[in-house]
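**Student:** Mind having a look at this structure? Questions to follow.
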Amino acid sequence: MAYRFLSSRIVPSSNRLSRRFIVIFTISLSFMYLCYSILFCSGTIMPNQRLEDHRCVHLKNIGSKKLLQKSHYCTISAKARVISDETRAVSLLNLTGNQSKHSAFQKKQDVVDHKQSNNSNLPKYGNKKLPNALIVGVKKGGTRAVLEFIRIHPDVRALGTEPHFFDRNYDKGLDWYRGLMPRTLDSQITMEKTPSYFVTREAPRRITSMSRETKLIVVVRNPVTRAISDYTQTLSKKPDIPSFEELAFKNRSQGIVDTSWNAIRIGMYILHLENWLQYFRLSQIHFVSGERLITDPAGELGRVQDFLGLKRIITDKHFYFNRTKGFPCLKKPESSSQPRCLGKSKGRTHIQIDQEVIEQLREFYRPFNVKFYEMVGHDFRWD
C-alpha cells in the first residue's frame, strides 16, 4: 500500500529507476522498524532477568542460611519470584515495629504464615508437617531459651507458641495440630515446645502414636531452684497465694514434703522419665542442662544440634552474656537494630527462701536425683 501511494504521487510510472529506489527505501524503513522493536523489547525485559540471575549466583557465595533461601528462590519462575518478593515485603512491613522482641516477631511470622496459607493467590513454599522434634520439658527449666536459640538455625522452623496438643487439645486431631505448624522445606526440621508434656502421663503414648521416631528434648534444672522459680512466676500472677514453705511441706518440722504440689512433683524427674521410657528409647531423648545453658549456651546448643542431626552453625559468636538479666542473649542479627534477649519474665529475681527450707528440699530430692543420674548416664551435680 505504501509503495503504490508513493509511486503514484512522487514519480512518473515510466521512471523505473525511481521506482526501484522507492522500493528499496520502503524495505529499509520496514527493516529498521523491526530491528528497533526487537531492541526495545529486549532492553525492557533482559535487564531484570540478568538482575535475577546475578542475585542467584551471588547467593551461592553466602552462608548456609542464604543457601537455604536460594534453594527455593532461584528454582522458581520469574513471575513467582516477583509475587514472592512482594509478599515478603508486606510481611516485613507488618513486623517492623516489633523487631526488638523476638518472640513477638515470631508470633507475627506465624500469623503471616497462617494468612498466606488461606490465600490461594499467594505462592506457598514448603509444607506444613507434623513435628520431627519436641521440647517436652521441663517448666522453668529453660525451654524457651532452647527454642529461641535453636530456631536461628536455618534448617529449623519452630512454632512460637505452646500448642498443648498432647495434653489439652488432643481431641482436636492431628490435622488441627499440623495446621498450626510453620511451612518447612524437605531439608528442614519442624519443632514445637510444650513443657507440660513431660509430666503428662498420656503424652508419651500419644506422641509415639504420631511417630515412633520423634526426637525429644528435655531441659532439666536443679529441682530446688526450679521449684522456687516456678513459685516466683505464680506469685507474680497471684500475689495472694500461701508462702512457699506452706505449699512445699505438709509438716515442715518433720520435713514431710507435699509431693502433690505440682512445683515439687515436676522436679522428681526420674518418676516422669520412667513413664517415657515405656514408649521411647533413651537414645531418642536428649537432656539439656539448664545451668550450663546459662554458663555455656554455645556448648549446650552444639549438643542439641548434634542430637537433631544438624550442622553446628550456632556457636559462641551468636551469644553474649547480659549481666542485667543474668542470662545469655543472642547478638544483634543483621536484620535488626537490637540484640535478642528473652522476655521480661525470663531471668526474674527469685524470692528469698530460708536456707533451712532449701536444705530440707535438697535432702528430699537427693535420692530422686541419684536415680535420675544413673538412668541418663550423666551427673548434673545438683547435690
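**Student:** How about the range 148-212: which trypsin sites (Lys or Arg not before Pro) there lie in a loop by DSSP and see at most 14 other Cβ atoms within 10 Å?
**Tutor:** Details: sites: Arg151, Arg157, Arg168, Lys172, Arg178, Arg183, Lys193, Arg201, Arg205, Arg206, Arg212; in loops: Arg151, Arg168, Arg201, Arg212.
Qualifying residues, ordered by number: Arg168, Arg201, Arg212.
**Student:** Give the calculated FRET efficiency between Asn262 and Lys311 to the nearest 0.05, with a Förster radius of 41 Å applied to their Cβ-Cβ distance. Kindly include the intermediate steps, with their values, before the conclusion.
**Tutor:** Working: r = 38 Å, r/R0 = 0.94.
Here the calculated transfer efficiency is 0.60.
**Student:** Please sort 261-269, 309-317 by packing, taking for each peptide the average over its residues of neighbouring beta carbons within 10 angstrom, highest first. Write down the numbers at each step before the final one.
**Tutor:** Values: 261-269: 21.4, 309-317: 14.0.
Sorting 261-269, 309-317 by mean packing, highest first, produces 261-269, 309-317.
**Student:** Let me ask something additional. Over every pair of different alpha-carbon atoms in the range 123-279, take the mean of 1/r and invert it; report that Kirkwood radius in Å. Let's see the in-between values first.
**Tutor:** Numbers: mean 1/r = 0.0584 Å⁻¹.
Value: 17.1 Å, from the Cα pair sum.
**Student:** I need the shape label for the range 240-383. Rule: rounded when a/c is under 1.5, else prolate if a/b > b/c, else oblate, with a, b, c from the alpha carbon gyration tensor. Intermediate results must be reported in sequence, preceding the final value.
**Tutor:** Working: a/c = 2.59, a/b = 1.39, b/c = 1.87.
Because a/c hits 1.5 or more and a/b fails to exceed b/c, the range 240-383 counts as oblate.
**Student:** Here is a follow-up. Using a basic spin-label model with each label point 7 Å from the Cα along Cα→Cβ, how many nm lie between Asp383 and Arg362?
**Tutor:** Calculated label separation equals 1.2 nm.
**Student:** I need the shape label for the range 269-326. Rule: rounded when a/c is under 1.5, else prolate if a/b > b/c, else oblate, with a, b, c from the alpha carbon gyration tensor.
**Tutor:** On the way: a/c = 4.92, a/b = 1.65, b/c = 2.99.
Cα axes put the range 269-326 in the oblate bin.
**Student:** Rounded if a/c is under 1.5, else prolate if a/b beats b/c, else oblate: with a ≥ b ≥ c from the C-alpha gyration tensor eigenvalues square-rooted, which is the range 196-290? Walk me through the numbers before you get to the answer.
**Tutor:** On the way: a/c = 2.44, a/b = 2.14, b/c = 1.14.
Verdict is prolate for the range 196-290.
**Student:** Net charge around Arg221, counting only other residues with Cβ within less than 11 Å of its Cβ (Lys, Arg = +1; Asp, Glu = -1)? Write out the running numbers ahead of the final one.
**Tutor:** Working: positive: Lys139, Lys140, Arg226, Arg292; negative: Asp230, Glu291.
Result for the neighbourhood of Arg221: +2.
**Student:** How charged is the neighbourhood of Val357? Take every other residue with its Cβ under 12 Å from the Cβ of Val357, and add Lys/Arg as +1 and Asp/Glu as -1.
**Tutor:** Values: positive: Arg252, Arg362; negative: Glu245, Glu246, Asp354, Glu356, Glu359, Glu363.
Net of charged neighbours comes to -4.
**Student:** Excluding Glu246 itself, calculate the net charge of residues whose Cβ lies under 13 Å from the Cβ of Glu246, where each Lys or Arg counts +1 and each Asp or Glu counts -1. The partial results should precede the final answer.
**Tutor:** Working: positive: Lys250, Arg252; negative: Asp240, Glu245, Asp258, Asp354.
Charge balance near Glu246 sits at -2.
**Student:** Count neighbours as other Cβ atoms within 10 Å of each site's Cβ, and list the GluC sites (Glu not before Pro) in the range 169-255 that are DSSP loop with at most 12 such neighbours. It would help to have the intermediate numbers written out before the result.
**Tutor:** Working: sites: Glu192, Glu202, Glu213, Glu245, Glu246; in loops: Glu202, Glu213.
The qualifying sites are Glu202, Glu213.
The numbers here are math on the coordinates, done by the rules we state, and not lab data. Just so we're clear, the structure is a prediction, and the values are computed from it rather than from any experiment. Positions of Cβ are backbone-derived with ideal geometry, glycine not excepted, and every protein chain shown enters the neighbour counts.
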